[in-house]
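K.L.:
So that we are looking at the same thing, I have put the structure below in structure tokens.
The values are calculated or read from the model by the stated rules, or taken from the named source; none is laboratory data. Keep in mind the model is a prediction, meaning the values are calculated, not measured. We place every Cβ from the backbone using ideal geometry, glycine too, and count neighbours over all the protein chains shown.
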Amino acid sequence: MALVRRAADRPHSPELNPLATLLYRIGRFAFRRRGLTVLLWFLVLGGVGAAASTAPPPPADTFSMPGTESQKAVDLLNEKFPAAGADGASARVAIRAPGGGKVTDPGVRKSVAALVADLAKAPQVAAATDPFTSDAVSEDATTAYTVVTYEVSALEVSDKAHDALLEAADDGRARGLTVEMGGDAVPVEQAAGGTAESIGVAVAALILLVTFGSLVAAGMPLLTAVMGVGIGVSAIGALGSTLGLSSTSTTLALMIGLAVGIDYALFIVSRYRTELLEGLDREEAAGRAVGTAGSAVVFAGLTVIVALAGLAVVDVPMLTKMGLAAAGTVLIAVLVAVTFVPALLGFAPVRVLRRADRHLITGKPLSERRQRKAARAAARQRPNLGSRWAGFVLRRPLVVLLVGVVGLGVVAVPATRLELGLPGEGTMAPDTTQRKAYDMLSESFGPGFNGPLLVTVAADEARGVGKDLAAELSGEPGVAEVGPVVPNTAGDTAIISVVPEGGPTDDRTRRLVEKLRDDLSGFARTHDAEILVGGQTAMFLDFSRTLDDALLPYLALVVGLAFLLLVLVFRSFTVPLKAALGFLLSVSAALGAVVAIFQWGWFADIVGVDQPGPIMSTMPIIMIGVVFGLAMDYEVFLVTRMREAFVHGEPTPQAVVTGFRHGGRVVAAAALIMTSVFSGFIMEDNVFVRMIGLGLALAVLFDAFVVRMAIVPALFALLGDRAWWLPRWLDRALPDMDVEGEKLSHRPPAARREVPIP
């Protein structure tokens, strides 16, 4: 067993660290050719923006799950019933008689007929069913419904058609009817766009100003993030219709791109300031900053990209596209950080420093007041907050470790009761017309009315087989109603609507779907038929099951690939292992908090949760992918500073203090920035965006301040130099990535100058 070799034991040839050397040269080139670099990036932004402005609108979110029974049913339906499988929009209008009366009363019936006529003559409407001839009246005759079908898809329904639908409903209410509507043709009220991003960016600007003490330094990460996000989101918009990238893909890319774009620039600017104050020439300082902090940015970005692109293993096209779109935005953020940032530094090479430090570079004398202030600060010579915190953890590592682990474990307890589902009109806010229509139909027609199952029969004599199957289904426990057998024109396929006793998210409905699929397999063999249980409710259940089954393989792939990357970065087994285990703690705690708030309803009024319910099925796996990448960001940025001190000869405890002295403040600022960006999305109306925003914000707080800044240094204190253990044979075999920039420090010191001590 051998520890990683120290700086004196390792070769110093720059040719052995091509990444650091390449980034060093890129940083110097961008600094020197700053006008050209900035112009090129703005040309890219303008070109992609122009392409996005002329591109067709993006498609709506769709669920497609290859290999599942519900997807097979959808494919068969589209093939055999092309009219039923059309993508035209629809609205289901629930109607209730006034004062508890009956819709069959002559006066009420006349009002209902007038409402249906108004709906039928609205723009883009293909038909509106008559509830009295389509068996759409409840048994007590208090409620009826009409289905309005459109000639176009939901995305193509015009504002004029939406207005006509709403106006017809208002006219029905004016006649005394209770009228509520659901379906994809009903417009959903949206909050004003850009609010979440604006709040997050404003808070980030304040944090940057406090961290850097310079408006110029604070503005650079913001400008960099806007550049990266602008290009990434515009690219998604330009390719949206071609690649099927929906608006949800844009939201996730915007959320991640803003956070990492600010943070990556923050680390490079911070390192440039350090190099400048240590006496390097301005161009050389930019090169060293990109060669060191830029190397960490590249590897941190790679972990985020691996985590997001790994969503492809779930084999759900929607998630794959979301992950790849966000990964592409992160890649752009990395490229912008290592080129655009040094170019901006070239325009203001000294003004990125605090005003009190600029005289060290320019040689201009300070005012008498600032001289006294600098003298008092020099006399105190107190370690900064990061150094003091590291010293506290090193003195009490076991206590800090236990408090951190037990605390996160307690917060994670609600995650053991995690219930997954997909949002529907039953989970919308109680004051929305969609939710009111959902409740009206459930009360009058039964809970299962809003989530019927669609059983598809494929056989030579589909009608006859379907009648036998309908008779068997009628006696099945948990089935409330079985609809008529509807064959296609060719007679080789039939569909049967089955209304369960439970609602779409009821556990009874899930058990019924599983039981029907098991029981009907024998019926299918005896009748030489193919029977598929589908419909939206079954599809949502299959979607949740697919994500559950893919979770462990996804974790194994993402954690495994990131572990290999971190072994290359830190040349250690222990550090990547600690990083992965710490991530599991932080993400479990964040999921526990999300369950407590969104599922159990704790603090629901504070967060704005209108209707507690199951956690969206896609939320845990997306949060795992994003948080893992961000957690590795903090690990790379903080621990590379520690390793840099270690390979230069400092013992591990002192290296921990050095790492926190240089990187603690910046990592804390980065975490607060990410938290502010993600927290801004809690104000969105979209429940998924709100949920993922809160989950990511909490996960960042837990991971940065509890795991990376408390548990990790405590483990370093307990393990000592053993934390850097790596077999000597593997140390020789691995390529030397030199993320800490140790070899760059052996370059000729011609560009170094003396910096006076205040």
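K.L.:
I'm trying to understand the selection: among the residues of the stretch 598-642, which are acidic (Asp, Glu) and either outside any helix (DSSP H, G or I) or crowded, with 24+ Cβ neighbours inside 10 Å (or both)?
P.N.:
Passing the criteria: ASP610, ASP633, GLU635.
K.L.:
Name the residue that is modelled with the highest pLDDT, counting only residues in the stretch 695-739 that are acidic (Asp, Glu) and assigned to a helix (DSSP H, G or I).
P.N.:
This residue is ASP703.
K.L.:
Right, next: Kindly indicate whether SER572 is of a type in the set (Ser, Thr, Tyr) and either more than 30 Å from ALA429 (Cα to Cα) or not assigned by TED's automatic domain parsing to the domain that holds VAL410 (or both).
P.N.:
For SER572, the condition - of a type in the set (Ser, Thr, Tyr) and either more than 30 Å from ALA429 (Cα to Cα) or not assigned by TED's automatic domain parsing to the domain that holds VAL410 (or both) - is met.
K.L.:
Residues in the stretch 185-198: is at least one more than 30 Å from HIS662 (Cβ to Cβ), touching a strand residue (DSSP E or B) at 6+ places or on another chain (Cβ under 7 Å) and modelled with pLDDT of 80 or more? Write out each step before concluding.
P.N.:
Going residue by residue through the stretch 185-198, those that are more than 30 Å from HIS662 (Cβ to Cβ) are 185-198.
Subsequent filtering for residues that are touching a strand residue (DSSP E or B) at 6+ places or on another chain (Cβ under 7 Å) retains 185-186.
This time we only want the ones that are modelled with pLDDT of 80 or more, so: 185-186.
Yes, the stretch 185-198 contains at least one residue that is more than 30 Å from HIS662 (Cβ to Cβ), touching a strand residue (DSSP E or B) at 6+ places or on another chain (Cβ under 7 Å) and modelled with pLDDT of 80 or more.
K.L.:
Moving to a separate point now. Is at least one residue of the stretch 522-538 within 30 Å of GLU425 (Cβ to Cβ) and out of contact with any helix residue (DSSP H, G or I) (no Cβ under 9 Å at 6 or more places or on another chain)?
P.N.:
no
K.L.:
Would the stretch 325-335 turn up any residue that is more than 33 Å from the chain's Cα centre (by Cα) and either modelled with pLDDT of 85 or more or more than 17 Å from PHE31 (Cα to Cα) (or both)?
P.N.:
No; the residues of the stretch 325-335 include none that is more than 33 Å from the chain's Cα centre (by Cα) and either modelled with pLDDT of 85 or more or more than 17 Å from PHE31 (Cα to Cα) (or both).
K.L.:
Still on this structure: Please tell me if SER474 is out of contact with any helix residue (DSSP H, G or I) (no Cβ under 8 Å at 6 or more places or on another chain), over 28 Å from ARG665 (Cα atoms) and modelled with pLDDT of 90 or more.
P.N.:
no
K.L.:
Can you pull out every residue in the stretch 547-588 that is among the basic types (Lys, Arg) and either within 20 Å of LEU418 (Cβ to Cβ) or not in a helix (DSSP H, G or I) (or both)? Full working, then the answer.
P.N.:
In the first step, residues of the stretch 547-588 are kept if they are among the basic types (Lys, Arg); the result is 571, 578.
Across the stretch 547-588, the qualifying residue is only ARG571.
K.L.:
Still on this model: For HIS527, work out the one condition from (1) buried (at least 17 other Cβ atoms within 10 Å of the Cβ); (2) under 14 Å from VAL306 (Cα atoms); (3) not polar (S, T, N, Q) it doesn't fulfil.
P.N.:
HIS527 satisfies all of (1) buried (at least 17 other Cβ atoms within 10 Å of the Cβ); (2) under 14 Å from VAL306 (Cα atoms); (3) not polar (S, T, N, Q) except (2).
K.L.:
So which residues in the stretch 397-442 are more than 32 Å from the chain's Cα centre (by Cα) and free of Cβ contacts under 8 Å to residues at least 12 places away in the same chain, if there are any at all?
P.N.:
Passing the criteria: only VAL399.
K.L.:
Looking at (1) among the acidic types (Asp, Glu); (2) within 25 Å of THR146 (Cβ to Cβ); (3) assigned to a helix (DSSP H, G or I), which one does GLU472 not meet, given that it meets all the others?
P.N.:
All conditions are met except number (2).
K.L.:
What tally of residues in the stretch 643-663 results from selecting those that are outside any helix (DSSP H, G or I) and free of Cβ contacts under 8 Å to residues at least 12 places away in the same chain?
P.N.:
Final tally of qualifying residues: 1.
K.L.:
Do we find that VAL594 is within 22 Å of GLY560 (Cα to Cα) and assigned by TED's automatic domain parsing to the domain that holds VAL410 in this structure?
P.N.:
The answer is no for VAL594.
K.L.:
Still on this structure, I have one more. Quick one: which residue in ALA122, ALA144 is in a loop (DSSP other than H, G, I, E, B) and in contact (Cβ under 8 Å) with a residue 40 or more places away in the chain?
P.N.:
One residue alone meets the criteria, ALA122.
K.L.:
Of MET318, MET227, MET255, which residue is under 26 Å from SER53 (Cβ atoms), of a type in the set (A, V, I, L, M), buried (at least 22 other Cβ atoms within 10 Å of the Cβ) and under 14 Å from the mean Cα position of the chain (by Cα)?
P.N.:
Residue meeting the stated conditions: MET255.
K.L.:
Just a yes or no: is a residue in the stretch 493-514 touching a helix residue (DSSP H, G or I) at 6+ places or on another chain (Cβ under 6 Å) and more than 21 Å from ASN450 (Cα to Cα)?
P.N.:
yes
K.L.:
While we're on this one: Quick test for you: out of LEU302, LEU280, pick the one residue that is touching a Leu at 6+ places or on another chain (Cβ under 9 Å) and in contact (Cβ under 8 Å) with a residue 24 or more places away in the chain.
P.N.:
After applying the criteria, what remains is LEU302.
K.L.:
Next question. For the stretch 636-649, state whether one or more residues are in contact with a Gly (Cβ under 6 Å, 6 or more places away or on another chain), at pLDDT below 85, among the small types (Gly, Ala, Ser) and assigned by TED's automatic domain parsing to the domain that holds GLY257.
P.N.:
Taking every residue of the stretch 636-649 in turn, none turns out to be in contact with a Gly (Cβ under 6 Å, 6 or more places away or on another chain), at pLDDT below 85, among the small types (Gly, Ala, Ser) and assigned by TED's automatic domain parsing to the domain that holds GLY257.
So that you can scan it fast, the table gives a plain yes or no per residue for (1) surrounded by fewer than 21 Cβ atoms within 10 Å (Cβ to Cβ); (2) among the acidic types (Asp, Glu); (3) at pLDDT below 85; (4) under 24 Å from GLY659 (Cβ atoms):
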position: ALA562; (1), (2), (3), (4): no, no, yes, yes
position: LEU577; (1), (2), (3), (4): yes, no, no, yes
position: LEU584; (1), (2), (3), (4): yes, no, no, yes
position: GLY592; (1), (2), (3), (4): no, no, no, no
position: ALA596; (1), (2), (3), (4): yes, no, no, no
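K.L.:
For the stretch 672-693, name all the residues that are surrounded by fewer than 23 Cβ atoms within 10 Å (Cβ to Cβ), out of contact with any Lys or Arg (no Cβ under 8 Å at 6 or more places or on another chain) and not polar (S, T, N, Q).
P.N.:
LEU672, ASP685, VAL687, PHE688, VAL689, ARG690
K.L.:
So if I check each of LEU532, LEU441, LEU454, which one is outside any strand (DSSP E or B) and of a type outside the set (D, E, K, R)?
P.N.:
After ruling out the rest, the residue left standing is LEU441.
K.L.:
Test ARG417 against the stated conditions and say whether it is of a type outside the set (A, V, I, L, M) and touching an Asp or Glu at 6+ places or on another chain (Cβ under 7 Å).
P.N.:
Against the criterion (of a type outside the set (A, V, I, L, M) and touching an Asp or Glu at 6+ places or on another chain (Cβ under 7 Å)), ARG417 does not qualify.
K.L.:
Looking only at the stretch 351-358, decide whether some residue is charged (D, E, K, R), in a helix (DSSP H, G or I) and outside the structural domain of GLU275 (by TED's automatic domain parsing).
P.N.:
Within the stretch 351-358, one or more residues are charged (D, E, K, R), in a helix (DSSP H, G or I) and outside the structural domain of GLU275 (by TED's automatic domain parsing).
K.L.:
Let me ask another. Would you point out which residue out of ALA113, ALA91 is outside any loop (DSSP other than H, G, I, E, B) and within 42 Å of the chain's Cα centre (by Cα)? Steps first, answer last, please.
P.N.:
Details: ALA113 fails: within 42 Å of the chain's Cα centre (by Cα).
Sole residue among the options that is outside any loop (DSSP other than H, G, I, E, B) and within 42 Å of the chain's Cα centre (by Cα): ALA91.
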